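Q: Structure incoming, see below.
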Amino acid sequence: MGTGDERIRRYHWALIFLTAAAVVCVSFRLAYEVRRNRELTEKLKATEAETEMILKSCASAEARIGELETAIENVKGLPKQAEAARQRFFDEAEKLEEMVQNGETDLKIAYLTFDDGPYEITEQYLDVLEKYGILATFFQRGRDWGTFGQTYIRVARSGHTIGNHTFSHQIRGGIYRSVQAFMDDVIKNRTFIYEKLGITTDVLRFPGGSGTAGSLKQDIIEELRKEGYAYVNWNSATMDGMYDLSAEEYRDNVLDKTGGRKFLVVLMHDYNRNTLKALPEIIEGLESQGYVFLPLFYESLAVNR
Ligand SMILES: [Zn+2]
């Protein structure tokens, strides 16, 4: 006997032991869960903070992109604004030309033109023109962009008119072979200038003058019209393209031979150092004869359309 009590006691202890074991297990489990929970909460908080930071930087990046896009749009709009300003300027120039033509003013107009460039000393010409606040016309041909790119750009940015003078300027055995050969060279230069500077030329000077085209002249002029080109020759020149003369002689070739003409188109070449030397006196001399200076433009009275 007594074994029944004994067994009950054993069960009792076993129960207590098992309960204790269960409690320990649950407590450990709970402790683990609590710790894990805390860790997860912290991780979540960290992730939230990180997400917030990323969102913030995204927002600021987006704002920056917006700003850049606006800036790009503004820059894109600049050529248009410049073009519009240029057109307003030419509208006024046209009025002035008409006043001169009709004798409503004593002023006369001189168009300084520089052919064949750009050259190494072209920027020195720009310095002189800038000093006097004068806009001129540069009839340019296709030259090496690597060497003359910056000069092309400065001529364009200074507001001078850029005219087409054919790409190759190859007079003998070249551009005057045929109408097609001439036009190909013109279009090649137009494309070059447009691609490099974003400027569409619409005024052209024949290399050697329109007379050099001989029997092709009329047909070429017709083709030029179709391509939207007007052309201009000259009625005044330093003669620097033909003769190696002193600065004083170049100056006098212009100043002594204006004949008081109302419209003077002066031919010069921006490769000539003596012309460069003569330029300030040519400008001052023409001014004292009553001339004001304009760049050429398509609608100008001095241009053949
Ligand atoms: Zn030329």
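Q: Exactly one of these conditions fails for Ser178: (1) more than 13 Å from the ligand (Cβ to nearest atom); (2) under 26 Å from Ala84 (Cβ atoms); (3) touching a helix residue (DSSP H, G or I) at 6+ places or on another chain (Cβ under 8 Å). Give me its number.
A: Every listed condition holds for Ser178 apart from (2).
Q: Would you check which residues across the stretch 135-161 are on the phi > 0 side of the Ramachandran plot and of a type in the set (Val, Ile, Thr) and list them? Can you show your working first?
A: The first filter runs over the stretch 135-161 and keeps only residues on the phi > 0 side of the Ramachandran plot, leaving 159.
Within the stretch 135-161, no residue meets the criteria.
Q: What are the pairs, 6+ residues apart or on separate chains, where a residue within the stretch 279-305 that is closer than 10 Å to Tyr111 by Cβ has its Cβ under 6 Å from a residue that is among the polar types (S, T, N, Q)?
A: Pro295/Thr137; Pro295/Thr161; Leu296/Thr137; Leu296/Thr161
Q: Here is a further query. Could you say which residue among Ala93, Ala49 is touching a strand residue (DSSP E or B) at 6+ places or on another chain (Cβ under 9 Å) and outside the structural domain of Gly159 (by TED's automatic domain parsing)? I'd like the intermediate steps shown before the answer.
A: Working: Ala49 fails: touching a strand residue (DSSP E or B) at 6+ places or on another chain (Cβ under 9 Å).
Of the residues listed, the single one that is touching a strand residue (DSSP E or B) at 6+ places or on another chain (Cβ under 9 Å) and outside the structural domain of Gly159 (by TED's automatic domain parsing) is Ala93.
Q: Show the residue pairs meeting these rules: Cβ distance below 7 Å; 6+ apart or different chains; first residue within the stretch 162-185 and at positive phi; second residue among the acidic types (Asp, Glu) and crowded, with 22+ Cβ neighbours inside 10 Å.
A: These pairs meet every condition: Thr166/Asp185.
Q: Can you run down the residue pairs with Cβ atoms below 6 Å, 6 or more apart or on separate chains, where the first is in the stretch 90-118 and free of Cβ contacts under 8 Å to residues at least 40 places away in the same chain and over 27 Å from Leu276 (Cα atoms) and the partner is among the aliphatic types (A, V, I, L, M) and more than 16 Å from the ligand (Cβ to nearest atom)?
A: Thr105/Met99
Q: Could you tell me whether the stretch 152-165 includes any residue that is away from the ligand (no atom under 16 Å from the Cβ), of a type outside the set (Lys, Arg) and farther than 29 Å from Ile283 by Cα?
A: no
Q: Would you call Gln124 farther than 28 Å from Gly259 by Cα, more than 16 Å from the ligand (Cβ to nearest atom) and not acidic (Asp, Glu)?
A: So Gln124 passes the test.
Q: Next up: I'm checking my understanding of the structure. Among residues of the stretch 237-272 that are closer than 16 Å to Gly285 by Cα and among the charged types (D, E, K, R), which one is surrounded by the fewest Cβ atoms within 10 Å (Cβ to Cβ)?
A: Here the residue is Asp256.
Q: Okay, moving on. Go through Leu40, Leu68 for me and flag whichever is assigned to a helix (DSSP H, G or I), more than 30 Å from Thr137 (Cα to Cα) and more than 24 Å from the chain's Cα centre (by Cα).
A: Leu40
The values are calculated or read from the model by the stated rules, or taken from the named source; none is laboratory data. Owing to the predicted nature of the structure, the values given are computational and were not obtained by experimental measurement. Ideal geometry is used to build each Cβ from the backbone, glycine not excepted, and the neighbour counts take in all protein chains shown.
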